[in-house]
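Presented below is the structure to which this report refers.
The values are calculated or read from the model by the stated rules, or taken from the named source; none is laboratory data. Everything numeric in this text was worked out from a predicted model, so none of it was measured. A quick note on method: Cβ atoms are made from the backbone with ideal geometry, for glycine too, and the neighbour counts reach across all protein chains shown. Note: areas computed on protein heavy atoms with side chains; ligands, DNA, RNA excluded. Shrake-Rupley method; radii C 1.70, N 1.55, O 1.52, S 1.80 Å.
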Amino acid sequence: MALSADATQMAALLAALTHPDTNAIREAEVTLKPLLKDARCVPAMVEVVKAQGTQNDAVRHVTAIILRKRIGGHFPKFDAATKSALKSELLNILTTENSRPVRNGVVALVAAICKVEAEDDQDSAAVGGGWPELFQFIATAAADSHPEARELAFLLLGEMTDTIGVHLKPQFGTLASLFGTALQDGDAKVQNASVKALGLLMSYIADEDEIDTFAPLLPPVLTVAEACRVRGDEEIVSTTLDVLYDLSFFSSPS
């Protein structure tokens, strides 16, 4: 599917940012500056990101990164229908994206939008952070038969740490169940992603009473730590030790 005129212009300018020509980069930055101040850049950039197979992965990755930086200022300007369409499009991209860097860029973009929606919705805890479809997406991905989908669920949760820690405390029980299942997953990538996401959340809520909700995860975290030690994954061993410290030191004695 051909890009719209706005997306075509945006793709050409963003492509220049990936080239080693300093003058071309400067020229592109000058042209991009006013365009990025206009909310119409958002749907155009989403078009570029989703153009898998027709746009270079590096260009799509850069587009996702720049869009994440701009989305907080633009997203509240859209009407409900436009917001819904953009959010749906991004979840579709996550489902079909084959490039890991692009997918990670979209994960960060989705987390940024979730934060905007949660801060804008006073009842966000009751309705899934203002984006209930995202949390249904995460729950479905976490139970998927493909490990890449299960890993994606916890990459999203990791990026959403501050939103979860502030706005979604009533959902901690559900999240603890998701983490408990992932920590016992047979795929190392899923275990690693879940431990990293859990570590970020535990650090964020370490001095709050709600950390007790996650105390039952101590045994599976210990199991993951031992498995990582055996296979020599020092980064994840370090992460599990941080999680164990937070859960052991800050949670209330039973």
Eligible lysines near K87 by straight Cα distance, threshold 17 Å, same-chain separation 8 or greater: K50, K69, K77, K115
The stretch 149-251, Rg to Rh (Cα coordinates; Rh as Kirkwood inverse mean 1/r): 0.93
Sum of -39500 (n - 2.57) over DSSP H runs of 4+, divided by residues of the chain (222 nm, nearest 500): -23500 deg cm²/dmol
Kirkwood Rh, Cα atoms: Rg over Rh of the chain: 1.02
Estimated FRET transfer efficiency (K169, N56; beta-carbon r; R0 30 Å; 0.05): 0.10
Cα shape, the stretch 1-108, gyration tensor, a/c 1.5 rule: oblate
Candidates A64, A85, A153, ranked by Gaussian network fluctuation over the chain, Cα under 10 Å, top entry: A85
Kirkwood-Stokes translational diffusion coefficient of the stretch 74-216, alpha-carbon pairs, 10 °C, 1.306 mPa s, µm²/s: 103 µm²/s
Accessible surface, the stretch 136-241, averaged per residue in Å² (probe 1.4 Å): 45 Å²
Cross-link reach list, aspartates and glutamates versus K169, counting only Cα pairs under 15 Å and skipping chain neighbours closer than eight places: E119, D121, D123, D207, E208, D209, E210, D212
The chain, accessible surface, carbon-and-sulfur percent (1.4 angstrom probe): 53 percent
Computed over the chain: relative contact order in percent, which uses C-alpha pairs under 8 Å that are six or more apart: 12 percent
Net charge contributed by nearby residues that have their C-beta within less than 11 Å of A141 (K/R +1, D/E -1): -2
Whole-angstrom gap from the stretch 214-243 to the stretch 15-75, using each part's C-alpha centre: 39 Å
Residue-count net charge about M160 - beta-carbon cut-off 12 Å; Lys, Arg +1, Asp, Glu -1: -2
Rounded, prolate or oblate (a/c below 1.5 giving rounded, otherwise prolate when a/b exceeds b/c) for the stretch 1-56 by Cα gyration tensor: oblate
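Hey, can you find the accessible area per residue of the stretch 1-94 for me, probe 1.4 Å, expressed in square angstrom?
That works out to 53 Å² for each residue.
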